[in-house]
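To start, the structure under review is shown below, and the notes come after it.
Readers should treat all values here as calculations from the given coordinates under stated rules, not as data from a laboratory. Because the structure is a prediction, the values reported are computed rather than measured. Every residue, glycine as well, gets a Cβ built from its backbone with ideal geometry; the counts of neighbours run over all protein chains shown.
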Amino acid sequence: MKLFRCPSCDNTVFFENDRCLHCGSELAYFPETGRFTSIEAAGGDDAGRPLFREGGEAEATHRMCANRVEHAACNWMVPADDPLPFCRSCRLNRTIPNLLEAGSREAWMRIESAKRRFVRTLLDLGLPLESKTENPGDGIAFDFLRDSWGAPPVMTGHDNGLITINLGEADDIERTRARVELDERYRTLLGHFRHESGHYYWDKLVRGGPLLGEFRALFGDERTDYASALSAYYANGPRPDWMAGYVSAYASSHPWEDWAETWAHYLHTVDALETADSFGMTLAPRTPEGGGIASLALTPRPDGGRTFDDMMRSWVSLTVALNSFNRALGMPDPYPFALTPGSIAKLRFVHETIRASTTE
């Protein structure tokens with residue numbers, strides 16, 4: 001994620017802010033342009049809704065997302081001529097929790113914050129993104145549901161463009177318990193969005209298309225019975241050699257999960273490298289032999305003029321540094337994975353699939 005500054009006082013502000021904590025200016029994100037800046041009220045539209053202009057601009061061109069107006073739960077803007085009341089991120093919601101139930105509003109706001117960061121990456125990469133309101137057959141939608149007494153547990157997952165997230169995933173204790181019970185190295189709200197979206201984009205970018213043969217050569221035949229494969233994984237654990245060709249143990253359960261895990265890791269890479277680039281980070285490691293870790297050359301986006309190999313060299317260097325910092329503080333590794341030639345080949349396929357989809 002890029003660093004942002006308040007145009008009124010030059011204070012550093014963050015993607016999640018809706019107000020500058022230094023000068024009090026109202027802030028908002030404009031997804032059409034990628035600008036994060038101050039906003040000023042400037043009249044209203046024919047429906048009586050307040051309109052806003054970007055700080056310093058003369059014309060009022062946007063209004064606040066309805067979730068900001070009603071719940072103070074969003075900081076994105078909507079073009080004034082857009083017929084939908086919600087921003088590009090919030091309009092993807094099909095179901096939100098009952099906000100009157102204890103803890104639901106706080107959990108939902110944490111989920112929405114993670115979703116906005118995830119959606120921003122998709123938009124920045126130029127990936128197709130339509131809600132099911134706009135495209136019922138081929139769009140994407142989200143249900144945020146909580147477990148109910150006497151009912152089957154809510155399963156986080158994907159089904160034909162509908163992504164369900166269990167509200168319990170917003171609870172750090174519950175999410176950590178699930179991570180330990182399932183023997184996972186990594187489990188976050190943002191990671192759930194990235195992983196489940198991989199299933200959606202496999203349908204859009206790979207299923208039945210010219211890339212399917214290459215996919216099967218790398219990931220395996222997705223026609224293998226999915227339910228049986230997952231049952232075997234949970235009963236017996238991952239295949240013993242999973243580290244040789246998969247980004248995670250779970251990726252070895254079935255080719256669809258291998259793709260979704262690899263897709264999620266690619267989105268991790270893009271966002272983290274952009275963040276490092278925004279901070280102006282460079283690495284020139286001083287090891288005893290004078291080598292071992294490549295200097296950090298940043299490549300935040302797949303179309304940024306650098307090759308995939310450049311991205312991977314930067315990513316490995318950055319994750320080694322990040323993990324080393326955390327270990328110095330006695331904290332777990334933020335990136336507890338080791339990429340191998342096999343998993344890197346799959347990441348390259350994701351990279352090339354995204355690039356092909358955005359240049360057609």
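Some points to look at:
- Taking the C-alpha atoms only, the angle from helix 226-236 to the longest principal axis of the chain is near 60 degrees.
- Ellipsoid fit via the Cα gyration tensor, segment 183-292: semi-axes of 30, 19, 15 Å, each the root of five times an eigenvalue, largest first.
- On Cα atoms only, tilt of 341-359 relative to the major axis of the chain in degrees: 40 degrees
- As a length-normalised measure over Cα pairs under 8 Å and 6 or more apart, the relative contact order of the chain settles at 11 percent.
- Mean projected area (nm²) of the alpha-carbon convex hull when segment 162-223 is viewed from all directions: 5.4 nm²
- Sites E101 and E181 - FRET efficiency at Förster radius 22 Å, r taken between beta-carbons, to 0.05: 0.30
- Projected-area mean, segment 12-170, by convex hull of Cα positions, square nanometres: 10.9 nm²
- Summarised in one figure, the compactness ratio Rg/Rh of segment 123-251, Cα atoms and Kirkwood Rh, is 0.97.
- Descending by average beta-carbon neighbour count within 10 Å, the peptides 30-42, 241-253, 145-157 line up as 241-253, 30-42, 145-157, the highest first.
- Only the Cβ atoms of Lys and Arg (+1) and of Asp and Glu (-1) were treated as charged; on that basis the dipole of the chain about its Cα centre amounts to roughly 560 debye.
- Using 0.36 nm per residue and subtracting the Cα-Cα separation, the extra length available between E57 and T33 on full extension is 7.2 nm.
- Debye-sum result for the chain in log10 I(q)/I(0), which assumes one identical scatterer on each alpha carbon, at q = 0.14 Å⁻¹: -1.35
- When only the Cβ of Lys, Arg, Asp and Glu is charged (+1, +1, -1, -1), the dipole of segment 95-254 relative to its Cα centre reaches about 320 debye.
- Rg/Rg_globular for segment 1-49, with Rg_globular taken as 2.2 N^0.38 Å and Rg from C-alpha atoms: 1.25
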